[in-house]
Amino acid sequence: MNTNSDYLDTRSAATFVSMGESTLEKLRLTGGGPSYCKVGRRVLYEVADLRAWLAASKRRSTSDRALEAA
């Protein structure tokens, strides 16, 4: 259960970015995913970090790398 709408648990964060929980879990191990906070045993994602991670992943074509921030 989320007590602060600025932070999401893994399940809610996965829904927010339209991917599976296991994908976010794997990205935590391998890198390349959104920033997260570890509070005790809980993993929390800040909504602003999820939005920034999605924005950094924008592409115009399949041959593009990440678009430069404007």
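The values are calculated or read from the model by the stated rules, or taken from the named source; none is laboratory data. Since this is a predicted model, take the numbers as computed values, not measurements. Glycine gets a Cβ as well: all are built from the backbone with ideal geometry, and neighbour counts include every protein chain shown. The area values use the complete protein model at the heavy-atom level, side chains included, leaving out ligands, DNA and RNA. Shrake-Rupley method; radii C 1.70, N 1.55, O 1.52, S 1.80 Å.
Amide H to amide H under 5 Å from Tyr7: which residues, 5+ apart in sequence or cross-chain, H placed 1.01 Å off N in plane?
Residues meeting the criterion, in which the H sits 1.01 Å from N, are Val47.
Please determine, in degrees from 0 to 90 and to the nearest 10, the orientation of helix 21-30 with respect to the longest principal axis defined by the Cα atoms of the chain, where the helix direction is its Cα long axis.
Tilt relative to the chain: about 70 degrees.
To one decimal place, what Kirkwood hydrodynamic radius in Å is obtained for the stretch 9-69 from all pairs of distinct Cα atoms?
12.3 Å
Report, to the nearest whole %, how much of the accessible area of the chain belongs to carbon and sulfur atoms, 1.4 Å probe, protein only.
Using a 1.4 Å probe with all protein chains present, the chain comes out at 49 percent carbon and sulfur.
Ignoring ligands, DNA and RNA, what accessible area per residue does the chain give at 1.4 Å, in Å²?
Counting only protein heavy atoms, the per-residue value for the chain is 77 Å².
Separation between the Leu29 and Phe16 pseudo-spin-labels, each 7 Å from Cα along Cα→Cβ, expressed in nm?
Distance between label points: 2.3 nm.
Which whole-number percentage describes the relative contact order of the chain, with Cα contacts under 8 Å and a sequence gap of 6 or more?
28 percent
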